[in-house]
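Taking it in order: structure first as structure tokens, then the write-up.
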Amino acid sequence: MEYVLIVISAIFVNNIVLSQFLGICPFLGVSKKISTGIGMTGAVTFVMVIATIVTFFLQKTVLEPFGVGYLQTISFILVIASLVQLVEIILKKVSPPLYQALGVFLPLITTNCAILGVAIMTIQKDFNIVESVVFAIANAIGFGLALITFAGIREQLDLMDIPKGMKGTPIALVVAGLLALAFMGFAGIV
Amino acid sequence: MNQWNNFSKGFFKENAVFTLLLGMCPTLGVTSSAIDGLGMGLATTFVLVMSNLVVALIKNLIPDKVRIPAFIVVIATFVTIVEMTMQAYVPALFDSLGLFIPLIVVNCLVLGRAEAFASKNNIGSSIIDGLGMGLGFAMALTILGSIRELLGSGKLFGSVIFPEDYGMLVFVLAPGAFIALGYLIAFINQVKKEA
Amino acid sequence: MAKTESTLKNMVLTLLVITCVAGASLGGMYELTKEPIAAAKAAKQQAAIKEVVPGFNNNPGDEMYELKSKEGFDLKLFPAKKDGNLIGVAIESMTNTGFGGNIKIMVGLKPDGSIINYQVLEHKETPGLGTKMDVWFKTDKGNQSILGKNPKNNNLTVSKDGGEVDAITAATISSRAFLHAIQVAYETYTTNQGDQPVASNTSSEEGGAE
């Protein structure tokens, strides 16, 4: 039951993009087409889950026992940066098709604040390892849901007759706002 | 490019938020009030100036292939310094900015300037560039924060302009952030075209 | 200055040096800010206690003790004394029934259980609606205020539930949760008064005498 709550809360109620404002850069940047949106979601899910697991153990086995919690930011971002590189190298060797699909998105992920944000939030919320993994997966799904829905709307938007001044980013932001408004309807269900 | 242009480009021509669309997460996340926006902007400015300074200083010592991780370490160090300083001396602001302080690390603006400007220019220009870009970012956040605070709760920097009951609540909430920024960018684009 | 070559040795060495310098400077900074951070936290707690139970002259932080409520929440109780006499207790209480999750409050109770004042410490309620609770229940308008009331004599639930407190407009759930946190504080305090752990301070017996 607890896990169900974590999942619903992370996907709908506290959607990482639309109510926590994390991962806005890829949300606006790679949402022009549904297909790229799906690719990005795959890459984010992959890295987010691995990063959360690694940073979780880093926090519990190194940072906390040695009382160097102030190194959290610096060590987490280093772990994420090297992890992204590692995933890229391994993927290239092990599964070329998957690398083909996700490759171009991987470098962008280091500066995706959703990854670091989720890693830090897991620690702040004092989750155990299973809860952390569930939380990471749920947030990745939430990210994907927002991104792909948004990409779908933007594809339609290209065909619309939009006032000149609003074309491009402004209308995209307003649409994102309406999407966020829709997601607010989920508030209070957990 | 003379130094004045170098400084002022961050405010309008190459404004991080309005033109380059960098650093959108804090832009949307902490601008529910003008003071939070300003605080976040200044914290980012500090990190930007210091990391630009250090990167310009050590750019020749760092082998090309590891420059990105090296820059990230430099940035993360200053972010942590800001984090600890704010926690010690402005705890209220620290509480309201919350998670977004450590997330300055992944603000594309900071890494972007280190990579695109400081690693190619001398120390003086790098500091000025960081200051200009940072204050431009702070300005954008403060404007957006003011608009949202005024429309949403009838206040400006905490002082009451009109009664809160007439405020449009949505502007303080998440959707208002997107919508307000959307119209603000449209407005700026328009002004820029006429200028 | 010549650009350093990207050889493996150079790369490892530079990264190592940079990381060491970064780690060392952060360690130094941590030592420098450790005390101010602790002081700022203590000052915040002290200020909160002062607001909910004014007029004490002991250091409630030193005499703090913890109790478990029947819901399983860990509450912190800060006895506030003036010249050794208990004038009230500041209780850090919470509830998980909020609209957006947990709500943490600090409430000051007189030794007889009546409410002196309160402060909202932490919450995730909707801005502009549930967030109004930080002043709503202090405002002397209609049946909003809970100050001076005693949960023993007054039914401190929202009027919708048959109580005598007006809920915040459009935020009944937040109001209900807030009053629940007050109730948790009151119940935990009064039911445990008899067997309050003897604090290190000798003057703590007054805590039991009602």
**Prompt:** So which helices (runs of 4 or more DSSP H) stay within segment B:57-121 end to end and still have 1 or more residues that are open to solvent by 10 Å² or more (accessible area, probe 1.4 Å), among the hydrophobic types (A, V, I, L, M, F, W, C) and facing chain C (nearest Cβ under 9 Å)?
**Reply:** B:67-89, B:91-97
**Item:** Residue check for A:LEU145: surrounded by 16 or more Cβ atoms within 10 Å (Cβ to Cβ) and more than 14 Å from every other protein chain (Cβ to nearest Cβ)
**Value:** yes
**Asked** If you scan segment C:98-111, which residues turn out to be closer than 19 Å to C:ILE49 by Cβ and not in a strand (DSSP E or B)?
**Response** C:LYS110, C:PRO111
**Prompt:** Of A:PHE46, A:PHE27, which residue is more than 10 Å from every other protein chain (Cβ to nearest Cβ) and of a type in the set (Phe, Trp, Tyr)?
**Reply:** A:PHE46
**Residue ID - nearest to the chain's Cα centre (by Cα), chosen from residues in segment C:121-149 that are away from every other protein chain (no Cβ under 11 Å) and crowded, with 21+ Cβ neighbours inside 10 Å** = C:HIS123
**Request:** Among what's in segment C:75-96 and is of a type in the set (Val, Ile, Thr) and more than 20 Å from C:SER174 (Cα to Cα), pick the residue that is farthest from the chain's Cα centre (by Cα).
**Result:** C:ILE87
**Request:** Could you please find all residues in segment A:151-178 being touching a helix residue (DSSP H, G or I) at 6+ places or on another chain (Cβ under 6 Å) and either surrounded by fewer than 23 Cβ atoms within 10 Å (Cβ to Cβ) or among the small types (Gly, Ala, Ser) (or both)?
**Result:** A:ALA151, A:GLY152, A:ILE153, A:ILE162, A:GLY165, A:MET166, A:THR169, A:VAL174, A:VAL175, A:ALA176, A:GLY177
**Request:** Kindly provide the set of residues from segment A:104-142 that are assigned to a helix (DSSP H, G or I), open to solvent by 10 Å² or more (accessible area, probe 1.4 Å) and not hydrophobic (A, V, I, L, M, F, W, C), ordered by number.
**Result:** A:PRO107, A:GLN124, A:GLU131
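One line per residue, one yes/no per condition, for (1) under 16 Å from B:VAL54 (Cα atoms); (2) more than 38 Å from the chain's Cα centre (by Cα); (3) not polar (S, T, N, Q):
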site: C:THR4; (1), (2), (3): no, yes, no
site: C:ASN10; (1), (2), (3): no, yes, no
site: C:THR14; (1), (2), (3): yes, yes, no
site: C:VAL17; (1), (2), (3): yes, yes, yes
site: C:ALA43; (1), (2), (3): no, no, yes
site: C:ALA47; (1), (2), (3): no, no, yes
**Unmet requirement for B:SER51, which otherwise passes all of (1) of a type in the set (Gly, Ala, Ser); (2) surrounded by fewer than 24 Cβ atoms within 10 Å (Cβ to Cβ); (3) modelled with pLDDT of 85 or more** = (2)
**Complete:** The condition from (1) open to solvent by 50 Å² or more (accessible area, probe 1.4 Å); (2) part of a helix (DSSP H, G or I); (3) more than 14 Å from chain B (Cβ to nearest Cβ) that A:LEU86 misses is numbered (3)
**Message:** Being of a type in the set (A, V, I, L, M, F, W, C), in a helix (DSSP H, G or I) and away from chain B (no Cβ under 14 Å) is the filter here; which residues of segment C:19-75 pass it?
**Reply:** C:ILE49, C:VAL52
**Message:** For segment B:19-26, check the following and say yes or no: at least one residue is open to solvent by 10 Å² or more (accessible area, probe 1.4 Å), more than 25 Å from A:ILE16 (Cα to Cα) and within 14 Å of chain A (Cβ to nearest Cβ).
**Reply:** no
**Message:** Any residue at all in segment B:42-53 that's within 13 Å of chain C (Cβ to nearest Cβ), part of a helix (DSSP H, G or I) and of a type in the set (A, V, I, L, M)?
**Reply:** yes
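The values are calculated or read from the model by the stated rules, or taken from the named source; none is laboratory data. This structure is a prediction, so every number in the text was calculated from the model and none was measured. So basically every Cβ, Gly included, is an ideal-geometry build from the backbone, and we count neighbours across all protein chains shown. For accessibility, only protein heavy atoms count, side chains too; no ligands or nucleic acids. Shrake-Rupley method; radii C 1.70, N 1.55, O 1.52, S 1.80 Å.
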